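Have a look at the structure below, then the notes.
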Amino acid sequence: MNKESLRIFSSLREYLSLFILTFKKMSGLRKIKTDERLSPRFREKIMLAVSGVTSCAYCSYLHAKLALEEGIDEKEIEKILKRDITDVERSEIPALLFAQHFAETGGAVSEGAERTLVEHYGESRALQIQAFAQSVLFGNLCCNTVVSFREGRLEPEEKKGRRLAMMLSTPVAAMIRKRSGIKS
């Protein structure tokens, strides 16, 4: 992981805000009809796009593994993680660009970006794209925050105000690491 591109929680407030927002968005997915749900392949590409921006090793590994299980080509996975979406299906490009922008802005996308997403995919699918981008962003930040503390990547001044966010992130990061199969 590259320290310059490793995005972590800036504060306990950011952790709590993203936790609540993630819970709300993910709970809304239960209401979506089966025939309107995104395919597992498409979901994994969205999650890879977010993980590529945040540089989360655990999430990148986990979603690459799941993408392979869904039949996504290894080269396509690698490209998405490198933020190159030139070889994906044309119909998926707006969602992957949105997912990358979502991660870059910490979820603070413009109304115009959300409107464009709805225009391309309809309200139900746009909601799912946002929810999956939100959930993986939250997981990425949890993992990156824990890794930054454990590996001594933060100066003492940078740790201030983040210690509680790191403690709350630890169970999420442990679950993702375990699910990914990463041992260390």
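The values are calculated or read from the model by the stated rules, or taken from the named source; none is laboratory data. Remember, predicted model here, so these are calculated numbers, not experimental data. Glycine gets a Cβ as well: all are built from the backbone with ideal geometry, and neighbour counts include every protein chain shown. Note: areas computed on protein heavy atoms with side chains; ligands, DNA, RNA excluded. Shrake-Rupley method; radii C 1.70, N 1.55, O 1.52, S 1.80 Å.
State which residue pairs qualify: first residue more than 12 Å from Thr54 (Cβ to Cβ) and free of Cβ contacts under 8 Å to residues at least 24 places away in the same chain and inside segment 128-151, second residue acidic (Asp, Glu) and open to solvent by 10 Å² or more (accessible area, probe 1.4 Å) in any location, beta carbons under 8 Å apart, and separation of 6 or more residues or different chains.
Listed pairs, sorted by first residue: none to list.
Would you mind telling me which numbered condition in (1) in contact (Cβ under 8 Å) with a residue 24 or more places away in the chain; (2) farther than 20 Å from Glu44 by Cα Ala113 fails?
Against the list (1) in contact (Cβ under 8 Å) with a residue 24 or more places away in the chain; (2) farther than 20 Å from Glu44 by Cα, Ala113 comes up short only on (1).
Taking segment 75-109 only, how many residues are more than 19 Å from Val136 (Cα to Cα) and not in a helix (DSSP H, G or I)?
Residues that pass the stated criteria total 4.
When you look at Ile85, is it out of contact with any helix residue (DSSP H, G or I) (no Cβ under 8 Å at 6 or more places or on another chain), more than 17 Å from Lys25 (Cβ to Cβ) and among the β-branched types (Val, Ile, Thr), yes or no?
no
What do you reckon, is Arg13 within 18 Å of Ser169 (Cβ to Cβ), among the basic types (Lys, Arg) and open to solvent by less than 80 Å² (accessible area, probe 1.4 Å)?
no
Sort out which residues of segment 110-121 are open to solvent by 30 Å² or more (accessible area, probe 1.4 Å) and either part of a helix (DSSP H, G or I) or modelled with pLDDT of 95 or more (or both), and write them in order of number.
Glu111, Glu114, Arg115, Thr116, Val118, Glu119, His120, Tyr121
Assess whether Arg37 counts as being in contact (Cβ under 8 Å) with a residue 24 or more places away in the chain and either open to solvent by 30 Å² or more (accessible area, probe 1.4 Å) or among the basic types (Lys, Arg) (or both).
yes
A quick yes/no check of all residues on (1) open to solvent by less than 10 Å² (accessible area, probe 1.4 Å); (2) in contact with a Cys (Cβ under 8 Å, 6 or more places away or on another chain); (3) outside any helix (DSSP H, G or I):
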site	(1), (2), (3)
Asn140	yes, yes, no
Cys143	yes, yes, no
Ser148	yes, no, no
Glu157	no, no, no
Leu164	no, no, no
Ala174	no, no, no
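Restricting to segment 43-73, what's the tally of residues that are modelled with pLDDT of 95 or more, open to solvent by 30 Å² or more (accessible area, probe 1.4 Å) and not in a helix (DSSP H, G or I)?
The number of residues fulfilling the criteria is 2.
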